[in-house]
Amino acid sequence: DQQVKQNSPSLSVQEGRISILNCDYTNSMFDYFLWYKKYPAEGPTFLISISSIKDKNEDGRFTVFLNKSAKHLSLHIVPSQPGDSAVYFCAASTMDTGRRALTFGSGTRLQVQP
Amino acid sequence: EAGVTQFPSHSVIEKGQTVTLRCDPISGHDNLYWYRRVMGKEIKFLLHFVKESKQDESGMPNNRFLAERTGGTYSTLKVQPAELEDSGVYFCASSYGWVRAQYFGPGTRLLVL
């Protein structure tokens, strides 16, 4: 049973436009959410995170929105740049004491066209 | 500051052989994690160390996998004997204290023939 879902395997946007990547989760115990970017043959690179006590977190061109009632989060990249082309993973962790395991989605491949 | 490093970057072994993967976390990070990505599927958690202690090993697939973190610094993950389904990319990550963001290494690509 996949607890973190990224239903769009790929997304293509024009340079300068907004990229919106979506993620849904089913486990109501998740209280911390992260986005990672991954280039081929490299490990995931941490981008931005959000705690369940917030509904928005912003860092430069990256903004993450959390809708707890819908169990949905999204990553907005504005403006998109060709160097943003990569696979983006959504991840979540629970509030269980001592448990830090991240549960990952299957990823969305973003292609930013020059 | 150096990131998480992993060795080797690639390993090709035959079924039944033993392989040991190594991870050096970011200096000062007391939390160390192992993850695995098999056949392009989701990245899945294997286990979590806090210093030298195993905090959570709920993701370890079976007793052919043995992880250690002697001295609370680097960690090793041994697969013995390796099976075909163990092929994949093994990632190590680390974090400090209560900071929940985890920083990943480049991974070790394991191919079992």
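Here is the figure for the range B:25-34: residues that are part of a strand (DSSP E or B) and farther than 15 Å from B:Thr108 by Cβ total 1. Has the range A:41-50 got any residue that is more than 24 Å from B:Pro106 (Cβ to Cβ) and either at pLDDT 95 or above or part of a loop (DSSP other than H, G, I, E, B) (or both)? Within the range A:41-50, one or more residues are more than 24 Å from B:Pro106 (Cβ to Cβ) and either at pLDDT 95 or above or part of a loop (DSSP other than H, G, I, E, B) (or both).
Of the residues A:Ile77, A:Ile50, the single one that is within 14 Å of chain B (Cβ to nearest Cβ) and aliphatic (A, V, I, L, M) is A:Ile50. Total residues in the range A:12-34 satisfying the condition of being part of a strand (DSSP E or B) and among the acidic types (Asp, Glu): the figure is 2.
State yes or no: is A:Ser93 away from chain B (no Cβ under 14 Å) and under 15 Å from the mean Cα position of the chain (by Cα)? No: the conditions fail for A:Ser93. Of all residues in the range A:8-29, none that is under 16 Å from A:Ser49 (Cα atoms) and modelled with pLDDT of 95 or more has its Cβ atom under 7 Å from the Cβ atom of a residue that is of a type in the set (Phe, Trp, Tyr) and not in a strand (DSSP E or B), 6 or more apart or on another chain.
Count of the range B:102-113 residues, restricted to those that are away from chain A (no Cβ under 14 Å) and assigned to a loop (DSSP other than H, G, I, E, B), is 1. Taken together, B:Ser27, B:Ser58 contain a single residue that is polar (S, T, N, Q) and either on the phi > 0 side of the Ramachandran plot or within 11 Å of chain A (Cβ to nearest Cβ) (or both), which is B:Ser58. Identify, please: which residue in the range A:96-114 is more than 8 Å from every other protein chain (Cβ to nearest Cβ) and surrounded by fewer than 19 Cβ atoms within 10 Å (Cβ to Cβ) and is, among those, nearest to A:Tyr32 (Cα to Cα)? This residue is A:Asp96. Kindly evaluate B:Thr76 against the criterion of being away from chain A (no Cβ under 14 Å), within 13 Å of the chain's Cα centre (by Cα) and closer than 27 Å to B:Val12 by Cβ. It is true that B:Thr76 is away from chain A (no Cβ under 14 Å), within 13 Å of the chain's Cα centre (by Cα) and closer than 27 Å to B:Val12 by Cβ.
The values are calculated or read from the model by the stated rules, or taken from the named source; none is laboratory data. Here the structure is a predicted model, which is why all the values come from computation and not from measurement. FYI the Cβ positions are ideal-geometry reconstructions off the backbone, even for glycines, and counts take in every protein chain you see.
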